[in-house]
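*Asks:* Take this structure, written in structure tokens, and hold onto it; I'll ask about it next.
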Amino acid sequence: MQTHKRRTAATLCAAAALAAVVPASASAGASSPPPEPDPVLVDCFFDPQVRPEDFILACGDGNNRLVDLRWSAWGPAFAEARGVDLVNDCQPYCAAGKFHAYPVTVRLDRPQPWERDPQQDRYTRMRLVYTDDRPAQAQKEETFKLWD
């Protein structure tokens, strides 16, 4: 009988010790700061975008846009995608022009706090690299400052 009491006491002590440890470790995790959100890409309507499938480069008239974007990376320092740059040739004028497709790789970088929401970073630079043909007026690599 004495052995049974000792086992019961040891079991109760172990359970109490475990109960004391579990809440302490659970509350320690809750006090950790939440992870910083990844930067966003701000579109023409000043809406934050994450991994958009398309993105208008020519906000005024829509004559240049990125489409079919497939993102291979989106993180705190940079984002990368492959897609197509659709460019209107505006011949003889933009309303009558034809859109031409140019395969590109896209890299976003230089995150900075977004003026509209300083707690949120936004990418401030975009680099396009044409992987095949390119528009007549474009270099093989084009770099753009992105709007706030």
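*Asks:* Pairs please, first residue from region 85-104 and loosely packed, with under 14 Cβ neighbours inside 10 Å, second anywhere and among the acidic types (D, E), Cβ atoms under 7 Å, 6+ apart in sequence or on different chains.
*Replies:* Sorted first by the residue in region 85-104, then by its partner, the pairs are C94/D61; K98/D89.
*Asks:* Being assigned to a strand (DSSP E or B) and within 20 Å of P39 (Cα to Cα) is the filter; apply it to region 52-66 and report the residue that is nearest to the chain's Cα centre (by Cα).
*Replies:* Across region 52-66, the extreme among qualifying residues is F55.
*Asks:* If T143 passes every condition in (1) part of a loop (DSSP other than H, G, I, E, B); (2) over 16 Å from the mean Cα position of the chain (by Cα) but one, which one does it miss?
*Replies:* It fails just one condition, (1).
*Asks:* Any idea how many residues of region 67-77 are farther than 22 Å from R134 by Cβ, in contact (Cβ under 8 Å) with a residue 12 or more places away in the chain and either assigned to a strand (DSSP E or B) or not small (G, A, S) (or both)?
*Replies:* Total meeting the criteria: 2.
*Asks:* Suppose we filter region 105-141 for residues that are within 20 Å of R51 (Cα to Cα) and surrounded by 11 or more Cβ atoms within 10 Å (Cβ to Cβ); how many remain?
*Replies:* Counting residues in region 105-141 that are within 20 Å of R51 (Cα to Cα) and surrounded by 11 or more Cβ atoms within 10 Å (Cβ to Cβ) gives 23.
*Asks:* Return the residues of region 123-135 that are over 13 Å from D85 (Cα atoms) and either in a loop (DSSP other than H, G, I, E, B) or over 19 Å from the mean Cα position of the chain (by Cα) (or both); say none if nothing qualifies.
*Replies:* Y123, T124
*Asks:* Confirm whether A79 is under 21 Å from the mean Cα position of the chain (by Cα), surrounded by fewer than 18 Cβ atoms within 10 Å (Cβ to Cβ) and among the small types (G, A, S).
*Replies:* no
*Asks:* Any chance region 102-122 includes a residue that's of a type in the set (A, V, I, L, M, F, W, C), outside any strand (DSSP E or B) and under 12 Å from the mean Cα position of the chain (by Cα)?
*Replies:* Among the residues of region 102-122, not one is of a type in the set (A, V, I, L, M, F, W, C), outside any strand (DSSP E or B) and under 12 Å from the mean Cα position of the chain (by Cα), which makes the answer no.
*Asks:* Picking from A9, A96, which residue would you name as being modelled with pLDDT under 95, over 17 Å from the mean Cα position of the chain (by Cα) and of a type in the set (A, V, I, L, M)?
*Replies:* Just one listed residue meets the conditions, A9.
*Asks:* Scan region 63-76 for residues that are among the charged types (D, E, K, R) and crowded, with 16+ Cβ neighbours inside 10 Å and jot them down.
*Replies:* R65
The values are calculated or read from the model by the stated rules, or taken from the named source; none is laboratory data. Worth saying up front: this structure is predicted, and the values here are computed from it rather than measured. Every residue, glycine among them, receives a Cβ derived from its backbone with ideal geometry; neighbour counts consider all protein chains shown.
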